[in-house]
Each structure stands twice: as C-alpha cells, then as structure tokens.
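Mind having a look at this structure? Questions to follow.
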Amino acid sequence: MNKINRLMIAGTKSGCGKTTITCGILKCIMNQGLFVSSFKCGPDYIDPMFHSKIIGTKSGNLDSYFTDSETLNSLFIKNSKDTDISVIEGVMGYYDGIGFTSNASSYSIATITKTPVILVLDCKGVSTSIGAILQGFLGFKADNNIKGVIFNQLPEVLYEDAKKLAKKLGVVSLGYVPVIKECILESRHLGLVTADEIEDIKNKIELLASNLENTLDINGMLQLSKQAEDLPDISIFKVKKVSKQIKIAIAMDNAFCFHYRDNLDLLTEMGCTLLPFSPLKDTKLPNDISGLLLNGGYPELYADELSKNQNMLKSIKQAIYDGIPTIAECGGFMYLHDTMEDTTGKEYPMVGVIQGKCYKTNRLQRFGYIDMSAYKDNLISSKLGHVKAHEFHYWDSESSGEDYHAVKASGTKEWDCIHATDIMYAGFPHLYYYSNPAIAEGFVNQCIKYSEKMRSN
C-alpha cells in the first residue's frame, strides 16, 4: 500500500481563484520546510509551469480522459514519491468535464485517487447565498470527497458567519482570502515567457503566501491531507527498453516550452537520451541524434528571432529531409511551415517542411479533447489505430493535414488533420504518450531504424 498525504484544491467555477490560491498554498507549505509534489487536472501546460518555475515544486498532470484509472493512479504514486505532500489543482468547476458530464473532471480525478477536496468558493457579490452554493456542491453527488472549504474574496468581517455555515453543512472551514489586488495572477493566453515576468510573479507569490499564512489554516490542511486513505500498489504496462543508445533532440526554450513531464520521463525510462536544444539560440541540432521533438509553446512571440536563425532552420529542414523521425505538435508544427505570422500579423519565413503559412486568428480555432483515427500506418499508430489528443490554439494553418480523422470527445465536431508518414507526426493536436503506448514505441522504433541507417552510411 502507498501512504500519500494529499489534497485537491478545486473550484466552483473557472475564474474563482483556485490557481492563485493553490500557488499561495504551495508556497506556504514549502515555507514550512516540506517537500511538495503538485499536479494539475487535465491537459493544462501553464499551471504546472507556474508550480515548477515559480514555486519550485515537482509538477505534472493528471488526466482521466487520456488514461484509465489504473494508469492514472500509477503515475500519481510514482510522481508523489519522496515528497511530504501532494497537492492537486482542479480544472474548471469541480464537476465540469466533457460536455454536460463529469467525465475528465476534477471530481473524477478526486474519486479515482481518493483525494480529500478543499473547495474554493468565490464570495464576490454574495453573503448568505454562500450557504446555498456550498450546499449545492455537497448535495450534488454523495461521493463528492469535499472535506473543506476556502472562502475567496470574502471580507474579514463576514468570515465568522461563513465559518458557521460551513460547520452546519458538515465541512470544515480552512480560512478565507480577502481581496489582495497586488497578488492577482491574471488568466491569459500567454504564459511564463520572460525572466522579468517570472521575477514579478515570484514576488507576487511571496506576498500572497505571507498574507495567506494569516488567513488560511495551513496546518489544518496538512492534517486533512494525512486523512487520505492509502492507495494500493499498481503496476502499469512494462516499458520496452531500447536495445541501442538512442539520442533524441528536444526543443526547449522560451518559444518551445510545452512539455508533459510524463512524456519525457517515459522516453527516458525506455532508455532514450534527451538532448535539449534552443531553436532561438543554437545554430544547429545536437550531434548524433536519431529523433526530433518539436513540442508546443509560443513561436508566434519569437517569430522574428526564429526566422533570423537561418542556420537552425536549415539544420532542421535537412534533418527531416534526411529522414529523422519527428514529432511536431502545435507550436512545433507551426514552426515547420513555409511562413508563420507573429502576433501583429507580420509574416516570417520558417523551416519550410510544411507548405503554406500559419496565420493568426482572433479566436480559439479548435480546442478540447479529441479522438483521432489514422487513415494509414504512420510513425505513431497503425491504420485505423486510435490516438487521444488535445487542441488549444489561436493560430491556424493553410495545411493542417489530412492523415487522421479527429472527433471531439463531446461528439459535436469532426475534421481531418495531421501530416503523418512513417517518419513524421506534425499537426496541432498535443499528444500524451501514456494514453496509448504505441505512440512512444512507434516513435522510438523508427529512431532505432534511423540510427542503424545512419551508421551503415
């Protein structure tokens, strides 16, 4: 059995303040000298970046759309080892999932991981109605796991009454958060992109934590985390180790910063060596590589710099033409186009492997969970093989590809997408390798073949 002290910080809705409060709580716990692992429900890249880059926690994702319950719990146990407490940040409203269901919701993940939940309740503009909202969340599902509540944007003068309401409804009040304007972490499309921004956010988190230490019951939260029941020992599929040393280049800089930690860990556990490089700063790909990962990020913010780095553009183009196995997702896919527009609509030359341009739009184009089926055998799946993925992008392409058919998980839309060959996966959808082991296995097997071919030349 696995004893993991753990909590989930969930919210009544998107925008209720759970990210800000989670970051503050993480910092408060770390200020006590404890080692924390943190997780984000769902496919979000930004919040784990907040957790790891700003606060310094070991951070990852938990996603009940991508993985079954056994795999999710196995990853949670593995990534919680050697820490004193695990804190899970919820997504959207606690019960909100795919469509009008609780599938892939914070509630589903709390249920799977048997995690005590602290509900963040936004009190702006309400007083007595706080009781009705809280009672609704507690009564909506009997197995809700909600053990405590934090009252956000609540004046101190109202806290004692709110605390009595919580007690009457059978949950413990773990404090309140007054309006602290200088500590607000704005919700935005852009993320942690500059050193100055990171330093500013770090200062906000420090100030936030010093305030929360006075208004939240951090010790009460730690005690609640210890009440979580033990999780059973679980083993997921055995990782297939590579027979030869394989080096994979992975783009990592301000322009390409979206990485699922579990994806990288899986490749490493298979025996691959990951070599980070910067399309912004480096002049060529690392030496002796057998695979290439171009993940998502913010290439549109750095279009000018990326375009001016002609040596790197040529290095990547030549490697792909030479047959190096390549996975390019969203921002990485945009980078491979002939041209790409920046945030102002100005067009810049890029790698030139995907014909046409990637252009700016004024709204989200395709977003949410999707299920994709392949029209032909390719790098990451066989013909008619299914791959789960996620999209979230404001830019679109003149050439989105047509080698997979995508259907939204809610069943409301479908379309063709992806450029897929024996050696390439390039498109807007983001992949989570644990959703289908064939993704990593297919990629690595092609990397081995490429390595053998290069050695024989």
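Residue-wise test of (1) of a type in the set (S, T, N, Q); (2) closer than 22 Å to I448 by Cα.
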| site | (1), (2) |
| --- | --- |
| S290 | yes, yes |
| N295 | yes, yes |
| S307 | yes, no |
| I320 | no, yes |
| E329 | no, yes |
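Tell me, please, whether a residue that is surrounded by fewer than 15 Cβ atoms within 10 Å (Cβ to Cβ) and among the hydroxyl-bearing types (S, T, Y) can be found in region 348-361. Even if it seems obvious, please write down each step before you answer.
Keep residues of region 348-361 that are surrounded by fewer than 15 Cβ atoms within 10 Å (Cβ to Cβ), which gives 355-356, 361.
Imposing the further condition that a residue be among the hydroxyl-bearing types (S, T, Y) reduces the set to 361.
Checked against the condition, which is being surrounded by fewer than 15 Cβ atoms within 10 Å (Cβ to Cβ) and among the hydroxyl-bearing types (S, T, Y), region 348-361 yields at least one hit.
Here are the criteria: (1) in contact with a Gly (Cβ under 9 Å, 6 or more places away or on another chain); (2) closer than 27 Å to L26 by Cβ; (3) among the aliphatic types (A, V, I, L, M). Tell me which single one L154 does not satisfy.
With respect to (1) in contact with a Gly (Cβ under 9 Å, 6 or more places away or on another chain); (2) closer than 27 Å to L26 by Cβ; (3) among the aliphatic types (A, V, I, L, M), L154 is out only on (1).
Of a type in the set (G, A, S), under 24 Å from the mean Cα position of the chain (by Cα) and within 12 Å of G427 (Cβ to Cβ) - does that describe any residue in region 359-379? Give the steps one after another, and end with the answer.
At the first step, the residues of region 359-379 found to be of a type in the set (G, A, S) are 368, 373-374.
Within this subset, residues satisfying the condition of being under 24 Å from the mean Cα position of the chain (by Cα) are 368, 373.
Add one more test, that the residue is within 12 Å of G427 (Cβ to Cβ), and what stays is none.
Scanning region 359-379, I find no residue that is of a type in the set (G, A, S), under 24 Å from the mean Cα position of the chain (by Cα) and within 12 Å of G427 (Cβ to Cβ), so the answer is no.
Return a yes/no flag: does region 402-419 have any residue that is surrounded by fewer than 17 Cβ atoms within 10 Å (Cβ to Cβ), over 23 Å from the mean Cα position of the chain (by Cα) and under 29 Å from S243 (Cβ atoms).
Within region 402-419, none of the residues are surrounded by fewer than 17 Cβ atoms within 10 Å (Cβ to Cβ), over 23 Å from the mean Cα position of the chain (by Cα) and under 29 Å from S243 (Cβ atoms).
Go through region 36-114 and tell me which helices (runs of 4 or more DSSP H), entirely inside it, have 1 or more residues that are at pLDDT 95 or above, touching a strand residue (DSSP E or B) at 6+ places or on another chain (Cβ under 8 Å) and crowded, with 18+ Cβ neighbours inside 10 Å.
The qualifying helices (runs of 4 or more DSSP H) are 69-80, 106-113.
Also, quick follow-up: What strands (runs of 3 or more DSSP E), lying completely within region 337-428, carry at least 1 residues that are under 29 Å from C447 (Cα atoms) and either at pLDDT below 95 or of a type in the set (G, A, S) (or both)? Steps first, answer last, please.
Details: elements: 337-341, 347-349, 354-360, 366-374, 386-393, 395-397, 404-408, 414-417, 424-427.
Correct list: 354-360, 366-374, 386-393, 395-397, 404-408, 424-427.
The values are calculated or read from the model by the stated rules, or taken from the named source; none is laboratory data. Since the model is a prediction, treat every value here as computed from it, not as a measurement. Reconstructed Cβ throughout: ideal geometry from the backbone, glycine too, with neighbour counts over all protein chains shown.
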